[in-house]
Amino acid sequence: MADRGCLLEAAPLPPEVRESLAELELELSEGDITQKGYEKKRAKLLARYIPLLQGVDPCLQAENRLSGPSLTTAALKPQKSRPTNSRDERFRSDVHTEAVQAALAKYKERKMPMPSKRRSVLVHSSVDTYTPPDTSSASEDEGSLRRPGRLTSTPFQSHPGVEPWLDRVIQGSSTSSSASSTSSHPGGRPNAAPTAAAALAGLAAHAHIDVHSAPPDVTTGIVHHSHYERPQVASVRGVPRGYSGSVLETADGVPVSSRVSSKIQQLLNTLKRPKRPPLKEFFVDDFEELLEVQQPDPNQPKPEGSQMVVLKGEPLAVGTPWPPSLLAALQRWGTTQPKAPCLTALDTTGKPVYTLTYGKLWSRSLKLAYTLLNKLTSKSEPLLTPGDRVALVFPNSDPVMFMDAFYGCLLAELFLKVDAGSQQVGFLLGSCGVALALTTDACQKGLPKAQTGEVATFKGWPPLAWLVIDGKHLAKPPKDWHPLAQDIRAGTAYIEYKTSKEGSTVGITVSHASLLAQCRALTQACGYSEAETLTNVLDFKRDAGLWHGVLTSVMNRMHVVSIPYALMKVNPLSWIQKVCSYKAQAALVKSRDMHWSLLAQRGQRDISLSSLRMLIVADGANPWSISSCDAFLNVFQSRGLRPEAICPCACSPEGLTVAIRRPPDLGGPPPRKAVLSMNGLSYGVIRVDTEEKLSVLTVQDVGQVMPGASVCVVKIEGTPYLCKTDEVGEICVNSSATGTAYYGLLGITKNVFETVPVTAGGTPVSERPFTRTGLLGFIGPDNLIFVVGKLDGLMVVGMRRHNADDVVATALAVEPMKFVYRGRIAVFSVTVLHDDRIVLVAEQRPDASEEDSFQWMSRVLQAIDSIHQVGVYCLALVPANTLPKAPLGGIHVSETKQRFLEGTLHPCNVLMCPHTCVTNLPKPRQKQPEVGPASMVVGNLVAGKRIAQASGRELAHLEDSDQARKVAAPLLQFLFLADVLQWRAHTTPDHALFLLLNAKGTVTSTATCVQLHKRAERVAAALIEKGRLDAGDHVALVYPPGVDLIAAFYGCLYCGCVPVTVRPPHPQNLGTTLPTVKMIVEVSKSACVLTTQAITRLLKSKEAAAAVDIRTWPTILDTGMCPQSCPRVNVKVNISASLNGEKTMSHSATSALCRSIKLQCELYPSRQIAICLDPYCGLGFALWCLCSVYSGHQSVLVPPLELESNVSLWLSAVSQYKARVTFCSYSVMEMCTKGLGSQTGALRMKGVNLSCVRTCMVVAEERPRIALTQSFSKLFKDLGLPARAVSTTFGCRVNVAICLQGTAGPDPTTVYVDMRALRHDRVRLVERGSPHSLPLMESGKILPGVKVIIAHTETKGPLGDSHLGEIWVSSPHNATGYYTVYGEEALHADHFSARLSFGDTQTVWARTGYLGFLRRTELTDASGERHDALYVVGSLDETLELRGMRYHPIDIETSVIRAHRSIAECAVFTWTNLLVVVVELDGLEQDALDLVALVTNVVLEEHYLVVGVVVIVDPGVIPINSRGEKQRMHLRDGFLADQLDPIYVAYNM
């Protein structure tokens, strides 16, 4: 805003012009005029004095973004009469503002990465959001908006001082345009860090030099030097293990230059500067991750004063003739002075609408009391009896009706709930047993109605009868009727509600005796006398507005002028005008009203405040009311306002009026101020600030103790010891004029409402309990009370106390304030990881640009950090007018907090800073020097643990019986599957092997043994004749799932070629799927592509040419064109049977696999099995193409794609063909669970019955998804699915089938392990439901002929039972190796022919790359031995190494998905030691930003990890393979290459 002052120095301006300009500033800051209106008016004012100016200030054209004091001091010095700074006067303190500016000056250099946001989310932002001119690649039409007339026209080089755009963090928000990384801009300051690293990484990428030192972990400040034993492994299995800290590569080593990655670099730069002192000592046990215990700072200030004494107020005057009760006073005035005015109500134009006299008030109250007690019946019983509760629901604009109702209820002895109608109040109404609500006619008409015409029941409210109390609805009492109001001193007069910090509502009961004592004390303290006039701006239904304006006024026959909130909004001066016109002696306001009138007072020359003897400031306890009081006096002293008339007071719902400043003529001492050190206050100690001028709090006194009361200050926590004189504590009051209890809550009343203060020696200071007021403060000189905050606004962060109001004030002192609304800021704390974290929420102006708001946010963070020495955990901006409002303006803080925690706040900008705030994380784990493999084995032996080794049944034993031998003998004589098919075609030619179903469930094609044989021969003939292929050539089979694929597979075997199954490209998505097909064809060195006619056309189409070079396809053969009859082909055989997903399987391995599956699942020619899997790789391929031919059973084939148009297809097929065994993938199971959840009844009607199923196996290469399998089992139990049927399988690249549940053997077992122990590579079994427990299900039974051992990942030594390690497998059907172009022998040996380093060093094992453990159970398996269960924990490649621990992505993802109902899916990965969480949003884009804080919270709470980047994307963006497994590495590459089109990217500081 410095620009606004830039012209004022040019010409000396007359004072009235300066005043007008200052007014404009204030109007703009309050949001009363728009920026455009402001500029117009300002230009008009200055036009006469600056001839240069042609309508617009050049300063505004090139809007200067520098921060600085808001107006040039030179122009402002002469004018002392009123403050002209554009800051919010209520919260203004010059010292504080200077402090904030000084603090920000220190931070000028610090840059933060700005979040990216998709255009469609920018509904709240203006066109000013622009992308920087980008010299690399973004073209004009890529959605980058530019602001006209700014830097775009000048070449970048001409601004040597301009830093690179990224460093200035004013990036445009369109994530679609790509910008190059920081160092690519000419003229930009080169980034020293990346260049050297980039050179190194470039070298590494080209020369295959392994850069193996892991990057320094910026999140912990510890550099790990980890050495890997098998360096090359990682590069093929997904991720290179080591990265250089700042060069960016995708998974295959290609350097990336993208906006995303440069922002991450920037984020790393902000994290590298350690801002906090190093963490304190930890209690570290290798097993438990203990959070840091906050140690008290030895240098913190400690209270040094003597113990305070209880402060007693003056006694209540005795000789005065007080009425015996408030109702007696009302009766007296109503009968002796019936014409005296009691209350004048104004409309929104300021005209008096109605004046209620004391006579009217008395007669109406009698009428109402009579009606309530005698005329209302429910089932011929009176609805109400004296002592019942009634709700008063009145609008803020009708004080007259409220007053009638209040006194009517007092007369009828109905005590009541004073109410503003929010939802939480409903619970209180219910607990008070309220059955009747009183209201006005207008209010009743405005309430929502049910169909019957009755008032609808509000959410959370009990059913109420509504009574309108306008005259015509009330009955006149008979002459002889008198209310029962005799001696009712002990009874409850009314209940007022209070919302606590957590949002719960309690009712505070006030007895008749307290009511009377409060009125007497206020009369004495304020010197009220008969017939005085009081103007009241406050809510007349509660707090000071009720005590002064409805109760004490009646006791003294005063005249109250009630000014509605609606009128104040239209005319903020109205209350001053009314004081002037009614010559009021007293006025009741809040500092907000004083501030508003300051804004509006210009030009009102004829107002005088000389009649005021007391201007009562009801929120004088707010530390920042002092600035409003000073500024108001500054301006209005010249209009007759006496300095001593300003009387701040302190109130609380429990203690009623706690203290009030009295004018000297009523015996008050002179007012005092204190300038206190913020640092001292944060430790609860009062230190008058001397040396540190920056962080101070200036407070004013709130006067003396009320007459007849005693006050003391007690410690906030623990035993209520009296505080020392220089210590801040909670103010407690002992008086007959306080509230009496929380209604119906005896326990909380005893523990929270009341307290018995004790001295240091433990002796109570009084017989009667004191009432806690919830105000924090101390007693200063002259026995004056000072309040420095409220208990509700107290936030304890790391043993230091901060006050929400103070933080608000610091935020408001950050200039320029053009981006947010002043009074609309909420500060509260949320508990994350056992400590309070500060959250600041503000309303953003609609015309503020993203970039401006972001800069303001980062400045606020820096200011709060500097002044309060505390980090803000989350700063959120919400659209204008969306924060929940309290009844009379203001923000409903507990409701805001509730929305924040539930994810319903819907911010438009979020900045999270967990890295700086969360200092109590457990210490990063230090890797212990490895224990050697021999010591481990010895250790296990000593501990009595067996070595973790298990095997399936022996193949030889299984085939020993006569029956088995008969069946198996023919199969065992054939080594090759092609021979088996020929044998079946010869012996059982018409036995159907395959049935293929379409989406309608009809059979589209079948294949008997002889049909399949004939089709295979035709394919073989075509390959030899047309393809001119030799034995051993590779053939790519690009087919949709179907019998053609199977025929082509056997055709290849017949002619000795090696088939390679390839998933066909997707016609709608050729751009991404076709290059994959091309790559597989090239890598496998296929000499020919076999496919269908439709796919042939697709491969040669124009669209295909756009994605790949279609001229380089090998020969493409359409098998539909094969000759119908063909000569007998001599079957040649090649030792490598098939290339299956880049690994090779020999003929012997293929036969062994089929044999194992046949034995495990008991497959015979008479069996039918249903398969709903993709046939391209792994076990899916084996079941489609191999097993039926080997075992002779009939396979019902259901392509998973068909389920998209008919979800019930698979289950209907299982039921129709009575399949005992069925296989599916997780994605199929998920589709059925989601799609058929509500249709089980309809399926039963259609006759779907799943009771035939004995085993339903999910084919997977991951940890079993227990939640999904259990919900599937529960859901389809209604259709007869046996509870024990569902199980999982486990296979991987080196062996496609290690475990299968099969038909024999015990059910799969489930164990619960401690998730924290898993991070340390340990298994600790716990009970179900214990904290941090994770259920793991056994992955099926180990197949016949398969041996499994658990080996240590580093030392390759064998591990003991229930120890976590890598699963190694040995079996006849292991794959023989990877088929790759590189031919990396070392890698091949490592994966496929590994040997243990100790123990059995002879056996050759294949390494699966999966972590798991074996556990011997109590169950017995088929052979009578105790059963060994194999539990798969997760893939080793996918694990995240963070803070020295090993995390499994699925665990973090499960936590994140639970965080909010809009999160459809989630995937996590790491990038340069930052944890990146990608979340799919299933909801409105506007709600996307709600997820950022929730995701950060849940990962911190459950995993002790700080999330670095949160990326919110559309549903379906996270790539998933055919088995339903997330492809996190593809996602990572897409994110870094800026290809995800995210809705929002938040970089957590």
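Just subtract the alpha-carbon distance of Arg768 and Thr1115 from 0.36 nm times their residue separation and send over the number in nm, one decimal.
Working: separation 347, 0.36 × 347 = 124.92 nm, distance 10.05 nm.
Answer, rounded to one decimal: 114.9 nm.
Distance between Cα centroids, the stretch 1445-1506 to the stretch 1161-1195: provide it in whole Å.
39
Using just the Cα positions, wrap the stretch 645-691 in a convex hull and report its mean projected area in square nanometres, one decimal place.
On the way: hull surface 20.0 nm².
That works out to 5.0 nm², a quarter of the Cα hull's surface.
Rolling a 1.4 Å sphere over the protein heavy atoms, what is the accessible area per residue of the stretch 634-708, to the nearest Å²? Walk me through the numbers before you get to the answer.
Working: 2610 Å² over 75 residues.
On a per-residue basis, 35 Å².
Any idea what the relative contact order of the stretch 1405-1465 is, in percent, if you count C-alpha pairs under 8 Å spaced at least 6 apart? Walk me through the numbers on the way to the answer.
Working: 61 pairs, mean separation 14.5, N = 61.
Computed over the stretch 1405-1465, the figure is 24 percent.
Under 8 Å for C-alpha pairs, at least 6 residues apart: give me the relative contact order for the stretch 307-399, rounded to a whole percent.
Working: 66 pairs, mean separation 17.2, N = 93.
That works out to 19 percent.
Could you check how much of the accessible area of the stretch 1011-1127 is carbon and sulfur, as a whole percent, using a 1.4 Å probe? Walk me through the numbers on the way to the answer.
On the way: 2700 of 4980 Å².
Roughly 54 percent of what the probe reaches on the stretch 1011-1127 is carbon or sulfur.
Each label point is 7 Å from the Cα along the Cα-to-Cβ direction; what then is the distance between the points at Ala531 and Thr1401, in nm?
Here the answer is 11.5 nm between the modelled labels.
For the stretch 761-884, max minus min Cα coordinate along each principal axis, in Å, sorted largest first?
Extents along the principal axes, in whole Å: 61, 35, 29.
Hey, any idea what the orientation-averaged projected area of the convex hull of the stretch 1150-1247's Cα atoms comes to, in nm²? Mind showing how you got there, number by number?
Values: hull surface 25.2 nm².
Computed as one quarter of the Cα hull surface, the answer is 6.3 nm².
Within the set of other residues whose C-beta is less than 13 Å from the C-beta of Leu411, count the net charge using Lys and Arg as +1 and Asp and Glu as -1. Show your work: numbers first, answer last.
Values: positive: Arg364, Lys367; negative: Asp404, Glu413.
Within the 13 Å Cβ shell, the charges total 0.
Counting only heavy atoms of the protein chains, get the accessible area per residue of the stretch 1269-1355 (1.4 Å probe) and round it to a whole Å² value. Provide the component values of the computation, followed by the final result.
Working: 2830 Å² over 87 residues.
With all protein chains present, the stretch 1269-1355 gives 33 Å² per residue.
Would you mind calculating the relative contact order of the stretch 762-807 from Cα pairs under 8 angstrom and at least 6 residues apart, reporting the percent as a whole number? Walk me through the numbers on the way to the answer.
Details: 39 pairs, mean separation 10.9, N = 46.
Dividing the mean separation by the residue count of the stretch 762-807 yields 24 percent.
Run the simple label-point estimate for Gln1486 and Thr335 please: 7 Å along Cα→C-beta, distance reported in nm.
The answer from the label model is 6.1 nm.
I want to check the label-to-label distance for Thr1073 and Asn634. Put each point 7 Å from Cα in the C-beta direction and report it in nm to one decimal.
With each label point 7 Å from Cα toward Cβ, the separation is 7.1 nm.
If you take the charge dipole of the stretch 1402-1549 about its Cα centre, with +1 on Lys and Arg Cβ and -1 on Asp and Glu Cβ, which of Val1433, Thr1454, Leu1414 is farthest toward its positive end?
The listed residue farthest towards the positive side: Leu1414.
Enter the Cα centre distance for the pair the stretch 844-902 and the stretch 1278-1293, rounded to the nearest angstrom.
50
If I compute solvent accessible area with a 1.4 Å probe over the protein chains, what percent of it on the stretch 1443-1549 is carbon and sulfur? All intermediate terms of the calculation are to be shown ahead of the outcome.
Working: 1310 of 2720 Å².
Reported share for carbon and sulfur atoms: 48 percent.
Which loop trypsin sites (Lys or Arg not before Pro) in the stretch 325-394, with loop taken from DSSP, have no more than 11 other Cβ atoms within 10 angstrom of their Cβ?
Working: sites: Arg332, Lys339, Lys360, Arg364, Lys367, Lys375, Lys379, Arg389; in loops: Lys339, Lys379.
Here the trypsin sites (Lys or Arg not before Pro) that fit, given the DSSP loop and packing criteria, are Lys339, Lys379.
With all protein chains present, how much of the accessible area of the stretch 573-633 (probe radius 1.4 Å) comes from carbon and sulfur, to the nearest whole percent? Intermediate results must be reported in sequence, preceding the final value.
On the way: 790 of 1640 Å².
Here it works out to 48 percent.
Based on the inverse mean of 1/r over its pairs of different Cα atoms, what is the Kirkwood hydrodynamic radius of the stretch 756-831, in Å? Each step should come with its number before you reach the end.
Numbers: mean 1/r = 0.0639 Å⁻¹.
For the stretch 756-831, inverting the mean 1/r across all distinct Cα pairs yields 15.6 Å.
What length, rounded to one decimal in nm, is gained on full extension from Thr34 through to Ser610, with 0.36 nm per residue of separation minus their alpha-carbon distance? Present the calculation step by step, with values, prior to reporting the outcome.
Values: separation 576, 0.36 × 576 = 207.36 nm, distance 3.60 nm.
Result for the pair: 203.8 nm of gain on full extension.
Any idea how far the Cα center of the stretch 794-838 sits from the one of the stretch 626-665, in Å?
Centre-to-centre distance over Cα atoms comes out at 26 Å.
From zero outward in steps of 5 Å, how is the percent of C-alpha pairs of the stretch 1309-1349 spread across the bins?
Whole-percent P(r) values from 0 Å outward: 6, 23, 22, 18, 14, 11, 5, 1.
Could you give the accessible area per residue of the stretch 1475-1517, probe 1.4 Å, as a whole number in Å²?
Values: 920 Å² over 43 residues.
Spelled out: the 1.4 Å probe surface of the stretch 1475-1517, per residue, equals 21 Å².
The values are calculated or read from the model by the stated rules, or taken from the named source; none is laboratory data. Since the structure is predicted, the reported quantities are computational estimates derived from the model, not experimental observations. Cβ sites come from the backbone with ideal geometry, for glycine too, and all protein chains shown count toward neighbours. For accessibility, only protein heavy atoms count, side chains too; no ligands or nucleic acids. Shrake-Rupley method; radii C 1.70, N 1.55, O 1.52, S 1.80 Å.
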